[in-house]
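First the structure, in the form of structure tokens, and then the observations on it.
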Amino acid sequence: MPPVTQASRQTDAATRAPKREVPRTLHTTTLTALLQDGGNGYSREYLRENVLAWGARKWPDLFEGRNEYADDDLETRLGASQVQVVSARDGGFAWSFRGIRPDLSASRLWETRVLFLGHGDQDLLFVSTGFLGQADARLLIAQPGFLCGLIDHLPFDDGGYRVCTAPRQVLNEAAFASFREHLLSPRRTMPVLALGSSPASSESRDWENCGHIDARAIARKVGGLAHVVSLGPLVLDRLESWLGSDLAVKVGDARLFMPGLDDEAPEPAQHPVFSPARAGLAGEPAGDVGSAAEAAIHAWSISASRRLDFEALWLVHARASRP
């Protein structure tokens, strides 16, 4: 019998040890739901082509030899990567995209799902991102690259207001009246992130100077998840007079007005505020208010009720797509 060495012990232990597999729990990182009134052939084809062109750039090997603009379905895989494009069989304009690929360390499998439902002249677009694997490290949460382009090009609507990827400036009485109407709209389904802004100087026109928050950058990051508005001093005063000090927004603050705001019996706890005083530490520069607001928006976007609604629609589409 050969002698037992330290190396052989290590080899035996490695052989006996169970292989570490990537956990199969899906961790959702973003979930976007957008409505478009007046959908037509052009807008629907534009949307599909942009999603599939993005997929072809992300999974070039799986799209090799295939026209990404083709209308036919697709299901292919290579190693841990896979792509699936499925259209409904009921004659309606509905299709889905699902792409999975490992990250650089192969410790996670990232998934992007797109579900498009067109009926009459109304279109619904859902975009979900998430991963399979360990959730023990800080994640960079970002929307898929195609989404901002679609929002900029197509007239998605929420509560009568255009969804956009740039901050909306609310500076005068007329703009405040419109902002107030939007906050109270029962049709609003997205949060409104209100930023307290002031010009850099008395002559400045830069009304996106919101203290520690880059209004343009955060509006781009949360495009499709929340409306971002930059409130001038007059509007900040009007807002406090209307809703009271508990729901006021100060210069440099960010307040997240959730859907369902009731101005007769407002509940401040449901509409959180992020301020430098709260985010920073004593004696140190103020904390990153924008990052705190982004985290709250993403947490709302992947709430249990939103995820259940999306999964139910995904399942209905999958059943309607079977031959």
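The values are calculated or read from the model by the stated rules, or taken from the named source; none is laboratory data. None of the values given here were measured: they were computed from a predicted structure. Because the Cβ atoms are built from the backbone with ideal geometry, glycine has one as well, and the counts that use them run over all protein chains shown. Only protein heavy atoms, including side chains, enter the accessible area calculation; ligands, DNA and RNA are left aside. Shrake-Rupley method; radii C 1.70, N 1.55, O 1.52, S 1.80 Å.
With every protein chain left in place, what is the accessible area per residue of the stretch 213-280 in square angstrom, probe 1.4 Å? Before the final figure, lay out each step's value.
Details: 2920 Å² over 68 residues.
So the stretch 213-280 comes to 43 Å² accessible per residue, rounded to a whole number.
Mind giving me the FRET efficiency for residue 242 and residue 142? R0 is 41 Å, r the Cβ-Cβ distance, nearest 0.05 is fine. Present the calculation step by step, with values, prior to reporting the outcome.
Values: r = 35 Å, r/R0 = 0.85.
Working from the Cβ atoms, E equals 0.70.
Of the listed peptides 164-177, 305-318, what is their order by residue-averaged count of other C-beta atoms within 10 Å, with the highest listed first?
On the way: 164-177: 16.6, 305-318: 14.3.
Sorting 164-177, 305-318 by mean packing, highest first, produces 164-177, 305-318.
Calculate, in nm to one decimal, what residue 78 and residue 250 gain on full extension: separation in residues at 0.36 nm each, minus their alpha carbon distance.
Working: separation 172, 0.36 × 172 = 61.92 nm, distance 5.26 nm.
Net length gain for the segment: 56.7 nm.
What's the FRET efficiency of residue 122 with residue 214 using the Cβ-Cβ distance as r and R₀ = 41 Å, to the nearest 0.05? Before the final figure, lay out each step's value.
Numbers: r = 34 Å, r/R0 = 0.84.
Rounded to the nearest 0.05, the efficiency is 0.75.
7 Å from Cα along Cα→Cβ at both residue 25 and residue 270: what's the point-to-point distance in nm?
Between residue 25 and residue 270, the label points sit 3.0 nm apart.
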